[in-house]
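Novice: Here it is, the structure in full.
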Amino acid sequence: MKLYCTSCNYQFLPKTDKLPNRCPYCDKVGTIEKASQMQDLIDEVSQQDTEKEERNKH
């Protein structure tokens, strides 16, 4: 799981499974989020296409 800081955009791999509270680079608190993986984006677009096709059938 890759993480990034929304303040400085620093990307890193955590040393534990726990989401850190502060950025290891800029030291800001509450700015860490999970980075989207390419497969997450592909799955999201596929889901949207499937929903669109279902709506068009009716």
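Read-outs: derived from the displayed coordinates by stated rules, not from any lab. Just so it is clear, the structure is predicted and the values come from calculations on it, not from any experiment. Note that we place each Cβ from the backbone using ideal geometry, even for glycine, and neighbour counts take in every protein chain shown.
Novice: Could you line up Y4, Y25 from fewest to most neighbouring Cβ atoms inside 10 Å?
Specialist: Ascending Cβ contact count within 10 Å gives the list Y25, Y4.
Novice: Still on this model: Magnitude of the Cβ-charge dipole of the chain, K/R +1 and D/E -1, about the Cα centre, nearest 20 debye?
Specialist: In total the dipole reaches around 360 debye.
Novice: Right, another one. Where does the longest stretch of the chain lie that holds no trypsin sites (Lys or Arg not before Pro) found in a DSSP loop with 12 or fewer other Cβ atoms within 10 Å?
Specialist: Values: sites that count: K2, K15, K18.
My reading of the result: 19-58 is the longest stretch.
Novice: With an 8 Å Cα cut-off and a minimum separation of 6 or more residues, compute the relative contact order for the range 3-57 in percent.
Specialist: Relative contact order here is 30 percent.
Novice: Continuing with this model, one more query. Under 29 Å between alpha carbons, and skipping anything fewer than 8 positions from K34 in its own chain: which lysines qualify?
Specialist: Here the lysines satisfying the reach criterion relative to K34 are K2, K15, K18, K52.
Novice: In degrees from 0 to 90, rounded to the nearest 10, what is the angle of the helix 38-57 Cα long axis to the longest principal axis of the chain?
Specialist: Tilt relative to the chain: about 30 degrees.
Novice: Moving on to the next point. Can you find, among Q48, V29, L19, the residue sitting farthest towards the positive end of the charge dipole of the range 17-58, where Lys and Arg contribute +1 and Asp and Glu -1 at Cβ?
Specialist: V29
Novice: Once you treat every alpha carbon in the chain as an equal point and sum by Debye, what is log10 I(q)/I(0) at q = 0.22, 0.25, 0.30 Å⁻¹?
Specialist: At q = 0.22, 0.25, 0.30 Å⁻¹ the computed log10 ratios are -0.79, -0.92, -1.13.
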